[in-house]
Amino acid sequence: MTKRAEFLRANKGRRFHATAFSMLAFRRPEPDASAAARFGFTVTKKIGGAVERNRIRRRLREAIRVAPDLASQHGYDYVLVARREALAAPFSSLMHDLDRALRGIHDGRPRPAKRAVRGAPEQREPAEGEPRPQTAREDRAPRS
């Protein structure tokens, strides 16, 4: 995977969180559904310098390459969002987490509904006779 749109599309799919990375997965549309699974890697700058980020990316890529029997499925895009723990984690642990993540994504359980945005108040109409809550702007004293 190389295009930004492919990474953003994977963000709308299923997720699995492991110690060293989070995995996102999205089933491609029908014409591409029979193609082999594709993997993309995201390692943000807050994790470290270029040398550390590249080392993490190489470790994750190698774990995918040498894993004996991955549970990946044809027609899926997978994105691994690395964490700093991927740098020091034992390689066998990375491979185990990778296998667990793929099995967790394809276990058949329905995906839970998205939660409300943090900090956003619930929008509901007040019951009859109940006072309307004031917004933060209405609470301020008027400017003189």
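None of the figures in this text is laboratory data; all of them are computed from the coordinates on show. Note that this is a predicted model, so its numbers are computed, not measured. No Cβ is skipped: glycine too gets one built from the backbone with ideal geometry, and neighbour counts run over all protein chains shown.
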Between Arg103 and Phe91, what is 0.36 nm times their sequence separation minus the Cα-Cα distance? Round to one decimal in nm. 2.5 nm
For His74 and Arg59, extending 7 Å from Cα along the Cα-Cβ vector and measuring point to point gives, in nm, a value of 3.4 nm
Where does region 4-105 land on the Kirkwood hydrodynamic radius, alpha-carbon pairs, in angstrom? 13.7 Å
